[in-house]
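Visitor: Supplied in structure tokens, the structure appears directly below.
The values are calculated or read from the model by the stated rules, or taken from the named source; none is laboratory data. Just so it is clear, the model here is predicted, and its values are computed rather than measured. Positions of Cβ are generated from backbone atoms using ideal geometry, with glycine treated the same way; all protein chains shown enter the neighbour counts.
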Ligand SMILES: [Zn+2]
């Protein structure tokens, strides 16, 4: 849409597409995701009607997760006005030496999640791993190690694996209540995708 990266939700909602879409869409609401510690909101969250908020720490920001940040993160996600935890996860498009930090940050973040609060997962493998297999395995291990409730609601956003991977096997067994957000085709990850 050509908007600056830090566009506010209010400005985003005022944008009018040109040309107008052939099939008009009435936006009734959505989820505002705050996953960069630099732009974490104040609580209670005050959003437009129809909108709810998620607070997380994007794996590419895992290096910013220090003691003070951890404390604030827990305060935010435990506030009743925050409806979901996320994005959290792994993104192995960064240098390998940062992967362990992403995994430990994910493990810590998941310990703050409430059962009534869906988790938004960001899982992306390295540039040569087109179906992101290792990244999914690592996240499953973390989910098991922190004993996330098997019925925890999970939204796996920008899923890029195959149909077999999402519909059966270990992913479905470990997280039977997970939902998938699709992106078009098993394409090469865009550097700009959040
Ligand atoms: Zn993401």
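Visitor: For residue 37, indicate whether it is closer than 30 Å to residue 104 by Cα and modelled with pLDDT of 95 or more. Spell out how you get there, then give the answer.
Guide: Details: closer than 30 Å to residue 104 by Cα: yes; modelled with pLDDT of 95 or more: no.
No, not satisfied.
Visitor: Quick one: residue 60 ticks every box in (1) under 28 Å from residue 92 (Cβ atoms); (2) over 16 Å from the mean Cα position of the chain (by Cα) bar one, so which box is it?
Guide: With respect to (1) under 28 Å from residue 92 (Cβ atoms); (2) over 16 Å from the mean Cα position of the chain (by Cα), residue 60 is out only on (2).
Visitor: Still on this structure, I have one more. Does residue 99 satisfy the criteria of being out of contact with any helix residue (DSSP H, G or I) (no Cβ under 6 Å at 6 or more places or on another chain), surrounded by 15 or more Cβ atoms within 10 Å (Cβ to Cβ), farther than 19 Å from residue 36 by Cβ and modelled with pLDDT of 95 or more?
Guide: Details: out of contact with any helix residue (DSSP H, G or I) (no Cβ under 6 Å at 6 or more places or on another chain): yes; surrounded by 15 or more Cβ atoms within 10 Å (Cβ to Cβ): yes; farther than 19 Å from residue 36 by Cβ: yes; modelled with pLDDT of 95 or more: yes.
The answer is yes for residue 99.
Visitor: Have a look at 179, 185 and point out the one that is loosely packed, with under 13 Cβ neighbours inside 10 Å, modelled with pLDDT under 85 and either more than 14 Å from the ligand (Cβ to nearest atom) or not in a strand (DSSP E or B) (or both). Step through it out loud before you land on a result.
Guide: On the way: 179 fails: loosely packed, with under 13 Cβ neighbours inside 10 Å.
Going through 179, 185 in turn, the sole match is 185.
Visitor: I would also like to ask the following. Scan the range 46-57 for residues that are at pLDDT below 95 and either closer than 15 Å to residue 113 by Cβ or more than 18 Å from the chain's Cα centre (by Cα) (or both) and report the count.
Guide: Residues meeting the conditions: 5.
Visitor: Here's a follow-up. Given the criteria more than 16 Å from the ligand (Cβ to nearest atom) and farther than 27 Å from residue 140 by Cα, does residue 51 qualify? Steps first, please.
Guide: Values: more than 16 Å from the ligand (Cβ to nearest atom): yes; farther than 27 Å from residue 140 by Cα: yes.
Yes, satisfied.
Visitor: Out of the range 2-33, which residues are without any contact (Cβ under 8 Å) to a residue 24 or more places away in the chain and touching a strand residue (DSSP E or B) at 6+ places or on another chain (Cβ under 8 Å)? Steps first, answer last, please.
Guide: Taking the range 2-33 and keeping what is without any contact (Cβ under 8 Å) to a residue 24 or more places away in the chain, we get 2-5, 7-8, 11-12, 14-30, 32.
Matches in the range 2-33: 29, 30, 32.
Visitor: Just checking, does the range 116-137 include any residue being within 16 Å of the ligand (Cβ to nearest atom), assigned to a loop (DSSP other than H, G, I, E, B) and within 15 Å of the chain's Cα centre (by Cα)?
Guide: yes
Visitor: Considering 76, 106, 140, which residue is at pLDDT 95 or above, in a helix (DSSP H, G or I) and touching a helix residue (DSSP H, G or I) at 6+ places or on another chain (Cβ under 6 Å)?
Guide: Working: 76 fails: touching a helix residue (DSSP H, G or I) at 6+ places or on another chain (Cβ under 6 Å); 140 fails: at pLDDT 95 or above.
After ruling out the rest, the residue left standing is 106.
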